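S.K.: One structure follows; several queries about it will come next.
We did not get these values from a lab; they are worked out from the coordinates using the rules stated. Just so we're clear, the structure is a prediction, and the values are computed from it rather than from any experiment. Please note: Cβ atoms are built from the backbone with ideal geometry, for glycine as well, and neighbour counts cover all protein chains shown.
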Amino acid sequence: MFGYSYMIIIPFERLGSTNAHALQLAAEGAPPKTVVWALEQSAGRGQYGKAFSSPRGGLYFSLILQPDLEPEKLSLITLAAGVACCLCLEKSCGVSPLFLKWPNDVYFNRKKVGGVLTESLAIPGKGPLTVVVGVGLNINSVADDFPEVLVPLLTSVKTATKKHHDLGSLLELLIAAIVEQMHCLEKNHDKLLALWNRRDYLKDRSALWDNGRDRIQGIGRGILDDGRYSLQDQSGTIHNILAGTLQPSSFSTSRQ
């Protein structure tokens, strides 16, 4: 259980990747609830090794945890962190409604506002599996901070609310929210999945799945108990997706 009463925050002006640094610290024995926080990342990492643009103004941090979960539920950690980000940003920053695109992206007004990257680390003789939950959110960033090719795809909390937000205060609130949703995942994962499903960005929308070898066009049908995502193709066949990427399609959608 997540009964930690302490929190260690290690701040950096600039870092290659908060996840990479947190994994290194975990391997060296850093305790659970250690947080690596950077004002800027030069080599931010996204899903499947993709670059994650991390200009100053965003909130980039990685949280070390040792969850009490069965191995088959570890993939749900990313979903729990996504729910936490939505709940926290809506309550603390007044940006709403926020949605989640499977498995790890946070969306507002049809644009990406952030993402989650969870990585695990087995340390021989050190007890439970260690996970690092990395979060990158566009908080005080503006369009000019990002590469031109990304501008049409991204937004930020500041753009949505027309307000500047204190990153330090928000960091602590987000960590608390993630720990709370991890409690939820440990105790009642059906409740956690219900919270995620209510924010499913692709539910009943056209989406394209790509795993690097195959591509399937279909309609999002929601998440399964084990964290896989259901996509119904044009023939009516259901594909339960474990890996690969899902992106909103330019084809017709049934949800605005």
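S.K.: Between VAL142, VAL133, VAL36, which gets the highest mean-square fluctuation from a Gaussian network model of the chain, Cα cutoff 10 Å?
M.R.: VAL142
S.K.: Moving on to the next point. Suppose R0 equals 45 Å; then what is the FRET efficiency for GLU28 and VAL149 from their Cβ-Cβ distance, rounded to the nearest 0.05? Don't skip to the answer; put the middle values down first.
M.R.: Numbers: r = 37 Å, r/R0 = 0.83.
Approximately 0.75, to the nearest 0.05.
S.K.: Let me ask another. Say a site is exposed when it is one of the chymotrypsin sites (Phe, Trp or Tyr not before Pro), sits in a DSSP loop, and has at most 13 other Cβ atoms within 10 Å; what is then the longest site-free stretch of the chain?
M.R.: Numbers: sites that count: TYR6, PHE251.
Here the longest run is 7-250.
S.K.: Given Cα pairs under 8 Å that are at least 6 residues apart, what percent is the relative contact order of segment 206-248? Could the numbers behind the result be given before it?
M.R.: Numbers: 78 pairs, mean separation 16.5, N = 43.
In percent, rounded to a whole number, it is 38.
S.K.: With loop defined by DSSP as not H, G, I, E or B, and exposure as at most 13 other Cβ atoms within 10 Å, which is the longest segment of the chain clear of exposed GluC sites (Glu not before Pro)?
M.R.: Here the longest run is 29-256.
S.K.: For the residue pair LYS162 and LEU208, what label-to-label distance in nm results when each label sits 7 Å from Cα along the Cα-to-beta-carbon direction?
M.R.: Taking the two extended label points, one gets 3.6 nm.
S.K.: Suppose we flag trypsin sites (Lys or Arg not before Pro) only when DSSP calls them loop and at most 13 other Cβ atoms lie within 10 Å. Which is the longest uninterrupted stretch of the chain? List each step's numbers first, then the result.
M.R.: Numbers: sites that count: ARG14, LYS50, ARG110, LYS126, LYS162, LYS163, ARG198, ARG213, ARG255.
For trypsin sites (Lys or Arg not before Pro) (loop position, at most 13 other Cβ atoms within 10 Å), the longest site-free span of the chain is 51-109.
S.K.: Mind checking the full-extension length gain between ALA243 and SER92? Use 0.36 nm per residue of separation minus the Cα-Cα distance, one decimal, nm.
M.R.: Values: separation 151, 0.36 × 151 = 54.36 nm, distance 3.23 nm.
Length difference between fully extended and current span is 51.1 nm.
S.K.: Which length gain, in nm to one decimal place, applies between GLU13 and ASP68 when the Cα-Cα distance is subtracted from 0.36 nm times their residue separation? Each step should come with its number before you reach the end.
M.R.: Details: separation 55, 0.36 × 55 = 19.80 nm, distance 3.27 nm.
Value of the extension gain: 16.5 nm.
S.K.: Follow-up. Can you match percent of Cα pairs over 35 Å apart to one of these, (1) 16; (2) 11; (3) 20, based on a calculation from the structure here?
M.R.: (2)
S.K.: Hey, another quick one. Looking at segment 134-183, I'd like the Rg to Rh ratio, where Rg is from alpha-carbon atoms and Rh is Kirkwood's inverse mean 1/r. Please report the intermediate quantities before stating the final value.
M.R.: Working: Rg = 13.0 Å, Rh = 12.3 Å.
My calculation puts Rg/Rh at 1.06.
S.K.: Which helices of the chain meet both criteria: a Cα extent of 15 Å or more along the helical axis and a mean Kyte-Doolittle score no lower than 1.0, with helices taken as whole DSSP H segments?
M.R.: On the way: long enough: 76-93 (25 Å, 1.67); 167-187 (30 Å, 1.03).
Once both thresholds are applied, what remains is 76-93, 167-187.
S.K.: With runs of 4+ DSSP H residues as the only contributors, calculate the mean residue ellipticity of the chain at 222 nm using -39,500 (n - 2.57) per run, divided by the residue total and rounded to the nearest 500. List each step's numbers first, then the result.
M.R.: Working: 5 runs with 63 residues, N = 256.
So the helix-based figure for the chain works out to -7500 deg cm²/dmol.
S.K.: Compute the length gained on full extension between LYS191 and ARG228: take 0.36 nm times their separation in residues and subtract their Cα-Cα distance, giving the result in nm to one decimal.
M.R.: Values: separation 37, 0.36 × 37 = 13.32 nm, distance 1.62 nm.
In short, 11.7 nm is gained.
S.K.: If R₀ is 35 angstrom, what is the calculated FRET efficiency for the pair GLU40 and GLU180, using the beta carbon separation as r and rounding to 0.05? If you can, show how the numbers build up before the last one.
M.R.: Details: r = 28 Å, r/R0 = 0.80.
Using R0 = 35 Å, I get an efficiency of 0.80.
S.K.: Sticking with this one: If contacts are Cα pairs under 8 angstrom and at least 6 residues apart, what is the relative contact order of the chain in percent?
M.R.: Details: 519 pairs, mean separation 42.6, N = 256.
Computed value for the chain: 17 percent relative contact order.
S.K.: Which whole-number percentage describes the relative contact order of segment 108-256, with Cα contacts under 8 Å and a sequence gap of 6 or more? Walk me through the numbers before you get to the answer.
M.R.: Values: 199 pairs, mean separation 20.6, N = 149.
About 14 percent, as a whole number.
S.K.: Could you check what % of the DSSP bridge pairs in the chain are antiparallel, to the nearest 5?
M.R.: Numbers: 45 of 55 bridges.
Roughly 80 percent of the DSSP beta bridges within the chain come out antiparallel.
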